[in-house]
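Below: the structure, in structure tokens.
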Amino acid sequence: MGPIQDGLLIVFDGIDGAGKTTQLEQAQAKLAAEGWPLYTGRNLGGTPIGEELRQVILSPLPRPETANLYISVAIQEALVGAIESERALGKIILMDRGPLSLAAYEIYGSRLDSDLAWKHVEDGMSKLAPELTIIYDADVETALRRTRQKPGEADYFESKSPDYFERVAEGYREAAKRYDKTCLIIDAGQPIEAVHEQTMKAIREVLV
């Protein structure tokens, strides 16, 4: 398979523990085996400055919730140039989290001023312009159990209450409605193989 004109950005999103990273890795392996030119990244992170800021935002340091918004926006801004460069090479870009995570975590989870936060969400969606955002919708209790079984201490977000994550999950659903032309919600409660099959079907539809 050769380069794709203007490249293609596919975002894998959802609450912590929903399985989005697993699905990204499986899609990456499948597409790589087929010979597609690929680039993978993540939003929280994805660039040298972004990775440094990731450590800050995931740390337990006390701060106002608005600080998380602006750190996330700085990470997102640094990603724009990196994504543009990979698009220019005609690659399929697979990204772990995208601008809609700002809506889910900051507007709904942290209950920040919606006008302020949506401004940055919309700016990110405009600049990054993902052709497809897949949101993995998971049962919060199950997702948190998976997350908290990981070794090491929970990060700033993982240590939040179940009520917080219920709001985040609802935020993703509402964000998907706002961007319904490029968003797909997949039930992450299904077997991994079924979720992978639906993921690849959605990707192939935007590859046409």
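Every number here is computed from the coordinates shown, using simple stated rules; none is lab data. Note that the coordinates shown come from a computational prediction; the quantities given were computed from them, not determined experimentally. Backbone-built Cβ (ideal geometry, glycine too); neighbour counts: all protein chains shown.
Expressed to the nearest 5 percent, the antiparallel share of DSSP beta bridges inside the chain is 0 percent. Its Cα gyration tensor gives the chain an equivalent ellipsoid; the semi-axes, largest first and in whole Å, are 26, 20, 16. Find the centroid of the Cα atoms in region 1-47 and in region 93-152, then give the distance between the two in whole Å. A separation of 16 Å, based on Cα centres. As a length-normalised measure over Cα pairs under 8 Å and 6 or more apart, the relative contact order of the chain settles at 31 percent.
Rounded to the nearest Hz, the phi-derived 3J(HN,Hα) couplings of region 83-90 under the Karplus curve 6.51 cos²θ - 1.76 cosθ + 1.60 (θ = phi - 60°) are 5, 4, 5, 6, 4, 4, 8, x, where x marks glycine and proline.
A protection proxy built from the mean count of other Cβ atoms within 10 Å ranks the segments 41-54, 94-107, 131-144, 189-202, most packed first, as 94-107, 131-144, 41-54, 189-202.
Evaluating 6.51 cos²θ - 1.76 cosθ + 1.60 at θ = phi - 60° for every residue in region 165-176, the Karplus couplings come out as 6, 4, 5, 4, 4, 5, x, 4, 5, 5, 5, 5 Hz, glycine and proline recorded as x. Charge dipole (Cα centre; +1 on Lys/Arg Cβ, -1 on Asp/Glu Cβ; no other charges) of region 8-207 amounts to roughly 220 debye.
Considering all different alpha carbon pairs of region 127-208, the Kirkwood hydrodynamic radius works out to 14.4 Å.
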